[in-house]
Amino acid sequence: MGIVEKMRLDGKKGFVTGAARGIGKCTATAFAEAGADIAIVDMDITEAEKTAKEIAESTGRKVIAIKCDVTDEAQVQAMVDKVVAELGGLDFCHANAGICINEAAEKMTYAQWKKNIDVNLNSVFLTDTIAGKYMLEHGGGSIINTASMSAHIVNVPQPQCAYNASKAGVIQLTKSLAIEWAKRGVRVNSISPGYIGTDLTLSSEFLKPLIAKWNELAPMGRLGKPEELESICVYLAGDTSTFTTGSDFILDGAFTCF
Ligand code: NAD
């Protein structure tokens, strides 16, 4: 069997959070294209259902949509139970849902801080440990978390201290879980994208005017595309990455190199 065949995900079942659009939609599509059955998990169920239908039609895989607020423990447990019941198991997941609150630190309210930490970091703890518990009890699995280059550098010129701290937390959580589960068949890795053209960046009235500045700072002079994150996630979900755990993969066109 050649390397491309070895990387396929035929027979595997997984879910992606924040998959109604953006990066999550893109990786969910790639997982299905590689042969996996997939759950599109999002709080926006209307968009999630549209995405699930689109991916099912283009790939022929079983693709379901599940409404879930990833900050709610009971909803995350119910979501994982539903994935297992409807897809027939759980081999991998991509904890990807996230938000960015741009506010100067001295003006940021404690409620804003807590919201950003809740959606970006506490949700990853919930998703990883609830999915991880199932995987530990059912022969192992692979977990991918979306961190960010903001875990490695402080973005300028926009202020986003809670976002940066939350993403740094995602990387240390990833490494901690990888160590705890290394001998028990559950691998945990993260991806750290640079600026990617999605609704999060392109539809924000606050961020839109900053794109020219980011492009000026970027060694490649452009934003990344969600598609440029797909193959690493398919690799991490599958069986050619069985010695890869506790790693963070920076995909940023060299933005963090200086
Ligand atoms: P996006 O805003 O386009 O999509 C995020 C999705 O997450 C949306 O569908 C939204 O409904 C969902 N979501 C938000 N809060 C949720 C919650 N509590 N429960 C369930 N679903 C929820 O964003 P994106 O650009 O695709 O970003 C995806 C991930 O990638 C985020 O974690 C983000 O921080 C990270 N990231 C993005 C960039 C970028 O430049 N776009 C760069 C680095 C990292």
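Here G246 passes the criteria (1) open to solvent by less than 40 Å² (accessible area, probe 1.4 Å); (2) touching a residue at least 60 places away in the same chain (Cβ under 8 Å); (3) within 19 Å of A30 (Cβ to Cβ) except the one numbered (3). Figure legend. Inter-residue proximity from region 17-42: first residues closer than 21 Å to S148 by Cβ and of a type in the set (F, W, Y), second residues at pLDDT below 95 and assigned to a strand (DSSP E or B), beta-carbon distance below 9 Å, spacing 6+ or different chains. No pairs are indicated. Total residues in region 154-195 satisfying the condition of being surrounded by fewer than 22 Cβ atoms within 10 Å (Cβ to Cβ), more than 17 Å from N120 (Cα to Cα) and touching a residue at least 12 places away in the same chain (Cβ under 8 Å): the figure is 9.
Scanning region 51-86 for residues that are closer than 24 Å to D239 by Cβ and open to solvent by less than 10 Å² (accessible area, probe 1.4 Å) yields a total of 3.
Selection within region 87-104: residues that are aliphatic (A, V, I, L, M), open to solvent by less than 40 Å² (accessible area, probe 1.4 Å) and under 23 Å from K50 (Cα atoms). The member of this set that is nearest to the ligand (Cβ to nearest atom) is A97. For the residues T17, T46, the requirement of being surrounded by fewer than 24 Cβ atoms within 10 Å (Cβ to Cβ) and at pLDDT 95 or above singles out T46.
For region 219-258, residues that are part of a loop (DSSP other than H, G, I, E, B) and modelled with pLDDT of 95 or more total 19.
Which ones in region 128-149 are within 10 Å of the ligand (Cβ to nearest atom) and buried (at least 24 other Cβ atoms within 10 Å of the Cβ)? Within region 128-149, N145, T146, A147, S148 meet the criteria. Of all residues in region 4-16, those satisfying the criterion of being more than 18 Å from the chain's Cα centre (by Cα), under 20 Å from E227 (Cβ atoms) and touching a residue at least 24 places away in the same chain (Cβ under 8 Å) are M7, R8. Restrict the check to region 105-120 and report whether at least one residue is buried (at least 22 other Cβ atoms within 10 Å of the Cβ), within 16 Å of the ligand (Cβ to nearest atom) and part of a strand (DSSP E or B). Checked against the condition, which is being buried (at least 22 other Cβ atoms within 10 Å of the Cβ), within 16 Å of the ligand (Cβ to nearest atom) and part of a strand (DSSP E or B), region 105-120 yields no hits at all. Of E205, E216, all but one fail to be without any contact (Cβ under 8 Å) to a residue 40 or more places away in the chain, part of a loop (DSSP other than H, G, I, E, B) and over 23 Å from the mean Cα position of the chain (by Cα); the exception is E205.
When you look at N155, is it in contact with an Asp or Glu (Cβ under 8 Å, 6 or more places away or on another chain) and under 21 Å from E228 (Cα atoms), yes or no? For N155, the condition - in contact with an Asp or Glu (Cβ under 8 Å, 6 or more places away or on another chain) and under 21 Å from E228 (Cα atoms) - is not met.
The values are calculated or read from the model by the stated rules, or taken from the named source; none is laboratory data. Worth saying up front: this structure is predicted, and the values here are computed from it rather than measured. In this analysis, Cβ positions are derived from the backbone assuming ideal geometry, glycine residues included, and neighbour counts consider all displayed protein chains. We work out accessible area using only protein heavy atoms, side chains counted, and drop any ligands, DNA or RNA first. Shrake-Rupley method; radii C 1.70, N 1.55, O 1.52, S 1.80 Å.
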